[in-house]
Amino acid sequence: MTVDAPADPTERVGRGWTAALGLANVAIWVGWYGPLQILLARQAEDFAPGTGMSKETLLAWVTGAGAVVSLAANPFFGALSDRTTARRGRRTPWIVAGAAGGALSLLLLAGAGGLWSMAVGWCLVQLTLNAAFAAVTAAVPDRVPRLQRGTVGGWLGAAQILGAVAGTGLATAAGGIAAGYAACAVFTLAGVLPYVLRSGDLRLAVADRPAWSWRSFARGFWLSPRRHPDFGWAWLTRFLINLSNALVILYLLYYLRDRLHHDDPEQGVLILTAVNSVTLLATVVVGGVWSDRVGRRKPFVRWSGVLMAAATALLAVWQTWPAAIVVAGLLGVGLGVFMSVDFALMTDVLPRAADRGKDLGVINVANALPQVAAPALAAPIVTHLGGYEVLYLVAAGVGIAGAVLVGRIRGVD
């Protein structure tokens, strides 16, 4: 069943709808993180001999190419879904096509025989799964009223963490590279079916679709901060806080090995990741629900950013293993609240209901771009400008800037 798309939803969504959307989100993240955490690294080990590159360099080039595809694909497919007039709705066709294409691309990766087929396969995974992810994300402002978006955003944040864990588990338990990709492909495709079958997606009437023009389509991806200041400040806030977090985790293994001289740095990273995930899951839904109940967004985003920045600064002045555990827990608390409430805040500042998919895709660039910017910023700091103490102080300063700038958003309490 489909209904015409309103400017702003007013009817609350049920738990079944939220659970189905969350499962679809889990499925997409399984398709991403099974390869990222396990399978691509194993293939890099197999393919590196004879290429003249180390396995680390080969893996960096492949994942970097995929990141570039992701930066462009998310807003592009979001914009296409905004214009879709299919009988099944605006978003559902792209969820189906993206998940199916992602599953096929994962199977293509399973049969990769070298560097180039591996790179092409991973770029196709990024291309197709971003089509599905853009549509899943846009479904929230399409269907969820403003004062329920923190709760739904919290469940979607939890779904991302569960998807990363499930993808890693499937890739590990399958017993081989090809079997791991096949398991992730099956889960990716099956996980979106409950939402597709029961979503009641919103439909765009053919008469309401704007006339096609390549020039206007391309120009639509630029949103002037002068014309839409709240959107601009919200984007910058998300970018800075995500950049701060990326700077913290980028060299975590090297920090434990070279600065703390941990006996088993790889196990240390696993422990810190587990601590961070537990505290994140403990707060991601609670933060969203609390924000909905009090009807406010900015204080939650501001103080979660301040907490994360303070924890990051702690790494610079208290460089011990117990401190690293405390910091991992505090970062999880802050990031959990930030993920759910900032998502709701972003949906509140979207300029036009007709462009939700495209605009959320532009916002999602603020998630991916820090992964590209962090290495360029962190490498010279660690090697030439003061080491890890300076790196974490810079990261804390970047996070504080993001937390402060959320106050420039005027249209949301």
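Below is a table of values for the structure above.
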quantity	calculated
Accessible heavy-atom area order of 13, 289, 278, highest first, probe of 1.4 Å	278, 289, 13
Ellipticity estimate at 222 nm from DSSP helix runs (n ≥ 4, -39,500 (n - 2.57)) divided over the chain, nearest 500	-25500 deg cm²/dmol
Dimensionless Rg/Rh of segment 280-402 - Kirkwood Rh, Rg from C-alpha atoms	1.03
Segment 5-130 shape via C-alpha gyration tensor axes, a/c threshold 1.5	prolate
Efficiency of FRET between residue 260 and residue 410 - r from beta-carbon atoms, R0 41 angstrom, step 0.05	0.40
Accessible-area composition of the chain, carbon plus sulfur, in percent [1.4 Å probe]	66 percent
Within the chain: Cβ-based charge dipole about Cα centre, in debye rounded to nearest 20 (Lys, Arg +1; Asp, Glu -1)	1420 debye
Solvent exposure ordering (accessible area, 1.4 Å, most first) of 184, 123	123, 184
Sites residue 46 and residue 390, calculated FRET efficiency, Cβ-Cβ separation with R0 30 Å, nearest 0.05	0.20
Modelled FRET efficiency - R0 51 Å, residue 97 with residue 289, Cβ distances, 0.05 increments	0.95
Prolate/oblate/rounded call for the chain, Cα gyration tensor, a/c under 1.5 rounded	oblate
Whether segment 301-340 is rounded, prolate or oblate, judged on the alpha carbon gyration tensor where a/c under 1.5 counts as rounded	oblate
Residue 85 accessible area, assembled protein chains, probe 1.4 Å, Å²	40 Å²
Qualifying GluC sites (Glu not before Pro) in segment 1-93, DSSP loop, other Cβ atoms within 10 Å at most 14	11
Distance-filtered residues of segment 132-155 - backbone nitrogen under 11 Å, label point 7 angstrom along residue 86 Cα→Cβ	132
Cα lying deepest toward the dipole's positive end in the chain, options 310, 370, 357, charges on Cβ	357
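The values are calculated or read from the model by the stated rules, or taken from the named source; none is laboratory data. These numbers come from a predicted model, not from an experiment. No Cβ is skipped: glycine too gets one built from the backbone with ideal geometry, and neighbour counts run over all protein chains shown. Protein only, heavy atoms only, side chains kept; ligands, DNA and RNA dropped before computing areas. Shrake-Rupley method; radii C 1.70, N 1.55, O 1.52, S 1.80 Å.
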